[in-house]
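Undergrad: To start, I am sharing the structure in question, which I have written as structure tokens.
The values are calculated or read from the model by the stated rules, or taken from the named source; none is laboratory data. These figures come from a predicted structure and were not determined experimentally. Cβ coordinates were reconstructed from backbone atoms using ideal geometry, including for glycine residues, and neighbour counts include every protein chain displayed. We work out accessible area using only protein heavy atoms, side chains counted, and drop any ligands, DNA or RNA first. Shrake-Rupley method; radii C 1.70, N 1.55, O 1.52, S 1.80 Å.
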Amino acid sequence: MSSVILTIIILLIAFGICFFLVRHHYVELLDVAIKRAQKSEQLKSVFIENISRTLRSPLNAIIGSCNMILEEKDENMQPALVKKIVTDISDNSKELVDYVSQLHEMSKFEGITPSFTFIEVNLSELMASYRREAMNYTKPDVTVRVTTDLSPHCRGILDTNLMHQLMMHLLANASRHVTMGDIFIRYSCERRGLKVSISYTGMGQAELVGDDIYSFLQKEEALKDAGKSSLFSLSICRAIVDMFGGEFYMDSEDNKKTVASFWFPCKMKDVYKDI
């Protein structure tokens, strides 16, 4: 009888310990979720305020230029003045359109609450599609090439939407700096994951990789910086790779050759089939 009671007591103690550990685990998860939500709300408020300030500048300039024409009493305005005003309107309109494009690009990135849709894809076909798309915006004397030691039958299980964003940002960054020669895309299987390197001749602003997406978006000049440098694109790349649980790094050798590489865990099949 005493052994039964002892067994029950031990089971109750074990159950209590398990309950405590499980509860502690979920309390930590809840705390992380709350902090993430708070950070998201703070980021949104700061970001909207900064964007409003940025967009008002070209809009006010356009309105001011239009008012100059509308308030002009002399119907025979000097052609030089008209040309200057119209040029100002055109320049500010282009700046505004560029800002809207940057906002659209930012809206594609959901870095606050990552959700994944993993599907199985042929890596050879996937990389070839990135190459074709990148060729649409490279300069005339630039070629994009894909190399690998993997089988053309090799398949990987990954989120194609995030992968597309990652690759296109890196290839767009490369095409921005390469005026002649080749942009190489190399992919391989390493440490039970997928490694991709994009190398080219030209500066790729490797020093910007240290900035994370959240720090970038809270800057007052976020939209202007996005249009003038690779900071926004590289920040997104780093954030996406972090979401995958991988590693992202970029290196510029003697200000001439740049290599952007990333690795993340990825289940791959038929890696060396028929090779």
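Undergrad: Out of (1) at pLDDT below 70; (2) outside any helix (DSSP H, G or I), the odd one out for His104 is which?
TA: Among (1) at pLDDT below 70; (2) outside any helix (DSSP H, G or I), His104 violates only (2).
Undergrad: Tell me which residues, restricted to segment 57-80, are aliphatic (A, V, I, L, M), surrounded by 13 or more Cβ atoms within 10 Å (Cβ to Cβ) and modelled with pLDDT under 80.
TA: Result: Met68, Ile69, Met77.
Undergrad: Just for segment 125-167: of the residues that are open to solvent by 50 Å² or more (accessible area, probe 1.4 Å) and assigned to a helix (DSSP H, G or I), which one is farthest from Lys269 (Cα to Cα)?
TA: So, considering only residues that are open to solvent by 50 Å² or more (accessible area, probe 1.4 Å) and assigned to a helix (DSSP H, G or I), the one farthest from Lys269 (Cα to Cα) is Met135.
Undergrad: When you look at Cys266, is it open to solvent by less than 20 Å² (accessible area, probe 1.4 Å), over 14 Å from the mean Cα position of the chain (by Cα) and at pLDDT 80 or above, yes or no?
TA: Criteria met by Cys266.
Undergrad: Sticking with this structure for a sec: In segment 152-206, what residues are in contact (Cβ under 8 Å) with a residue 60 or more places away in the chain, within 26 Å of Thr117 (Cβ to Cβ) and among the polar types (S, T, N, Q)?
TA: Gln165, Asn173, Ser197
Undergrad: Considering segment 107-124 alone, what residues qualify as being farther than 30 Å from Leu30 by Cα and either open to solvent by 50 Å² or more (accessible area, probe 1.4 Å) or at pLDDT below 85 (or both)?
TA: Glu120
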